[in-house]
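What follows is a set of notes on a single structure, which appears directly below.
The values are calculated or read from the model by the stated rules, or taken from the named source; none is laboratory data. Owing to the predicted nature of the structure, the values given are computational and were not obtained by experimental measurement. No Cβ is skipped: glycine too gets one built from the backbone with ideal geometry, and neighbour counts run over all protein chains shown.
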Amino acid sequence: MDYLKAITEILLVATVGVAVLVLGPDIQSIYSEKFFNPCQTPISYSIGSIDEDFNVTDEYFLSAIKDAEKVWEDAAGINFFDYSKEGGMKINLVYDYRQDSTVQINDLSSTLEANEANYSKIKSEYDAYVNQYNSSKSELNNLVLRYNQSGKKKSEELLSQIRTLEKTVGDLVVKINELGNQINGLAVKYNMNVENYNDLVGTFDGEFEQGNYVSDYKSKEINIYQYDDREKLVNVLVHEMGHALGLDHAIDPSDIMYALSSEDQSITSEDLNSLIGICSETMWDKLLKKE
Ligand SMILES: [Zn+2]
């Protein structure tokens, strides 16, 4: 049986070889796509396009890609990817509603934080004024009581103390009302923001693709649509670069190749075994494999 398999393989190589010579580059591309082995031939990549709404430089994006590349290469000890300015696999940052919502959520949550800080600052000022008001008011009450209880000869000095204290209490009331209004205004704004925030976060309940890998025999592309921060960008890239290596989705949620991304995902032994499986496929296996 092995003998038969060997002969078939030789015949196949010969046939495909002749076809490549005769039919030219298209067949050559189909051939290299079909029999591509990621452990033998590094994938050459380059940056395709970066939508400017992402507000990131080529250098920033490339350094994240190189980090993702290193994650695979360190895990397997194999050089899987090479960056080159003209590299065939294009990696793109594509801006749409996904990143747009992310930016809005980040903006709103910093507004909320600022509001919260502002609110507690004004609230503690308000509380301090109320304390001052309470003590001035009771001091005033005592003075007025003393004044009323004094005999026929009223003290001018006591009266002037009372007038001064009345002024102080009056000023404090104005200040307290002012701050009270500010606090109410902030509370309204704050509630509105909390509502907006919840609305926005609600839109994230449906899962969406953070990126994808698209390939045919003529072109290969990775598109990244959404990430929260650099660490998450690297994770999405690791996942999509895994697809470029030929990996399908894994079943275990802790695998980097699990369909939905989450925290705490990394390249597991399951991910690596699948990759080793792909690298050890014979031409025969590849031909029999269903697309
Ligand atoms: Zn995927």
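For the reader, a short list of remarks on this structure follows.
- Qualifying residue in the stretch 155-168 (condition: in contact (Cβ under 8 Å) with a residue 60 or more places away in the chain, assigned to a helix (DSSP H, G or I) and among the charged types (D, E, K, R)): no
- Candidates Val194, Val188, Val214, filtered to the one that is in contact with a helix residue (DSSP H, G or I) (Cβ under 8 Å, 6 or more places away or on another chain), hydrophobic (A, V, I, L, M, F, W, C) and either more than 16 Å from the ligand (Cβ to nearest atom) or within 21 Å of Leu62 (Cβ to Cβ) (or both): Val194
- Taking residues in the stretch 235-259 that are free of Cβ contacts under 8 Å to residues at least 40 places away in the same chain and more than 12 Å from the ligand (Cβ to nearest atom), and partners anywhere that are of a type outside the set (Ser, Thr, Tyr) and part of a helix (DSSP H, G or I), the pairs with Cβ atoms closer than 7 Å and at least 6 places apart or on different chains are Asp252/Glu270.
- Scanning the stretch 61-74 for residues that are in contact (Cβ under 8 Å) with a residue 24 or more places away in the chain and under 29 Å from Ser101 (Cα atoms) gives Phe61, Ala64, Ile65, Asp67, Ala68, Glu69, Val71.
- Residue, modelled with the lowest pLDDT, within the stretch 95-154, restricted to residues that are within 30 Å of Tyr227 (Cβ to Cβ) and of a type in the set (Phe, Trp, Tyr): Tyr97
- A residue that is touching a residue at least 40 places away in the same chain (Cβ under 8 Å), outside the structural domain of Tyr60 (by TED's automatic domain parsing) and part of a strand (DSSP E or B) cannot be found anywhere in the stretch 267-284.
- Test: residue in the stretch 195-216 that is assigned to a helix (DSSP H, G or I) and over 24 Å from Tyr95 (Cα atoms): yes
- Boolean, Ser155 is exposed (fewer than 11 other Cβ atoms within 10 Å of the Cβ), farther than 20 Å from Asp107 by Cβ, of a type in the set (Gly, Ala, Ser) and away from the ligand (no atom under 16 Å from the Cβ): no
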